[in-house]
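Here is the structure we will look at, set down as C-alpha cells.
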Amino acid sequence: MKKILKKLKAITILEYLLLLLLAALFIFPMLWMVVSSMKPEANVFKDLTSFRAFLPSMNPGNWFKTYAEVIKRFSVGTYLLNSIFYGLSFSFCSILINALAGFAFAKINFSGKKLIFGLMLGLLIVPVETVLIPQFTIMNGLGLVNTRLAVILPGIASVFNIYLFRNFFIAIPEEIIESARIDGASIVKVFFSIMLPMSKPAIATVGVLSFIGSWNDYIWPLMVLTDKSKFSMQVAITTINSTQPVYINQVMAVLTMSTIPLIIIYVVAQKYILEGLGGSGTGIK
C-alpha cells in the first residue's frame with residue numbers, strides 16, 4: 001500500500017512539474033512583454049540575454065513612463081474605446097441572433113429543418129478566410145465600407161454559437177413551453193421570458209467568446225476601415241508598429257494594454273465559459 005501511495009505521489013509531482021513547465025512556456029513571453037514596457041528602450045536590448053529581461057526597470061519612475069509617452073503619441077484611448085464598442089455590440093448582437101436561430105432549430109418545427117441544420121454544420125469546415133472577399137463585396141455593394149457597422153455585421157451569425165444555443169434549448173422540457181403557451185404566452189414571450197433566462201451559461205459563453213473574438217479580430221477591420229479614428233486596437237497596433245520612430249518599449253506597452261482587458265475578462269468569466277461548453281446539451285442550466 002505504501003508503494004502505491006509513493007507512486008501516486010510521484011505521478012502527482014510529475015504532473016505538476018509538467019503543468020508548471022507548460023504554464024511557463026505561455027507566461028514567459030507575456031511576462032517579457034509586460035516588463036519590457038516598464039523600462040527604457042535601451043534597457044530592453046541591454047537586458048535581453050540575461051535574467052533581467054524578465055524584470056522591470058529598477059527605477060519605479062520608468063514603469064509607467066512608456067505608457068504616458070505612447071498615449072501622447074497616438075490616440076490609444078480612441079482605439080481602446082473603439083474595440084470596446086465593437087466587442088460589446090458584437091456580443092449583444094451575437095447573443096440575440098444566434099439564440100433566436102438556436103431556438104428555432106430546437107423548438108420550432110418547419111419543413112427541411114434537419115437538412116438546413118446539417119448544411120449549416122457543414123459550414124464549420126469552411127475556412128473563414130475564403131469568405132472574406134465575398135463579404136467585402138457585399139459590404140461594398142451596400143455602401144457600408146469604412147463604417148462601424150461593417151466591422152460588426154458580417155460575423156454576428158455563427159454556426160458554433162447557434163449549435164451551442166440549440167443544445168441548451170433542446171435540454172429544456174417541452175412541458176414548460178406548453179404550459180406557457182396554454183397560459184397565453186406568445187412564442188416571442190416564451191423565448192425572452194423562459195428560454196433565455198434558463199440558458200445563462202450559454203449566454204455567458206457566447207457573449208465572452210464573441211467579445212474576445214471581436215477584440216482580437218485584425219484582418220476584417222483592416223479590410224473595411226480606412227478612417228484611423230475608427231480603427232480597433234488590433235489594427236492600430238500595426239499603425240503604431242510602423243510609424244517612425246519605432247520604439248520597442250512603446251510597442252510592448254500597446255500590446256500590454258491590448259492584452260490585459262482580455263485576461264481580466266477571461267479570468268472573471270472562466271467559470272461561465274466552462275459551464276457553457278461543458279453543460280451544452282446535458283440539461284445543466
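The values are calculated or read from the model by the stated rules, or taken from the named source; none is laboratory data. Model, not experiment: these values are computed from the prediction. With ideal geometry, Cβ positions are generated from the backbone for all residues, glycine too; neighbour counts draw on all protein chains shown. Side chains included, ligands, DNA and RNA excluded: accessible areas come from the protein's heavy atoms. Shrake-Rupley method; radii C 1.70, N 1.55, O 1.52, S 1.80 Å.
Quick rundown of the values:
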{"quantity": "Residues located in region 187-237, provided they are open to solvent by 50 Å² or more (accessible area, probe 1.4 Å), over 22 Å from the mean Cα position of the chain (by Cα) and over 21 Å from LEU81 (Cβ atoms)", "calculated": "ILE187, VAL188, LYS189, PHE192, SER193, PRO197, MET198"}
{"quantity": "Count of residues meeting criterion [closer than 29 Å to LEU25 by Cβ, open to solvent by 40 Å² or more (accessible area, probe 1.4 Å) and in contact (Cβ under 8 Å) with a residue 24 or more places away in the chain] in region 51-79", "calculated": "3"}
{"quantity": "Residue in region 250-262 that is under 24 Å from LEU149 (Cα atoms) and of a type in the set (Gly, Ala, Ser) present", "calculated": "yes"}
{"quantity": "Subset of region 23-43 [of a type in the set (A, V, I, L, M, F, W, C), in a helix (DSSP H, G or I), modelled with pLDDT of 80 or more and open to solvent by less than 90 Å² (accessible area, probe 1.4 Å)]", "calculated": "MET30, LEU31, TRP32, MET33, VAL34, VAL35, ALA42"}
{"quantity": "Residue under evaluation PRO245, criteria (1) assigned to a helix (DSSP H, G or I); (2) farther than 24 Å from ILE95 by Cα, criterion not met", "calculated": "(1)"}
{"quantity": "Matching entry among VAL159, VAL208 (being on the phi < 0 side of the Ramachandran plot and in contact with a Phe, Trp or Tyr (Cβ under 9 Å, 6 or more places away or on another chain))", "calculated": "VAL208"}
{"quantity": "Test: residue in region 82-102 that is open to solvent by less than 70 Å² (accessible area, probe 1.4 Å), closer than 26 Å to VAL251 by Cβ, out of contact with any Asp or Glu (no Cβ under 6 Å at 6 or more places or on another chain) and not in a helix (DSSP H, G or I)", "calculated": "no"}
{"quantity": "Where TYR16 falls short, out of the listed (1) modelled with pLDDT of 85 or more; (2) more than 17 Å from GLN250 (Cα to Cα)", "calculated": "(1)"}
{"quantity": "Hits in region 129-167 (condition: of a type in the set (Lys, Arg) and surrounded by 19 or more Cβ atoms within 10 Å (Cβ to Cβ))", "calculated": "ARG166"}
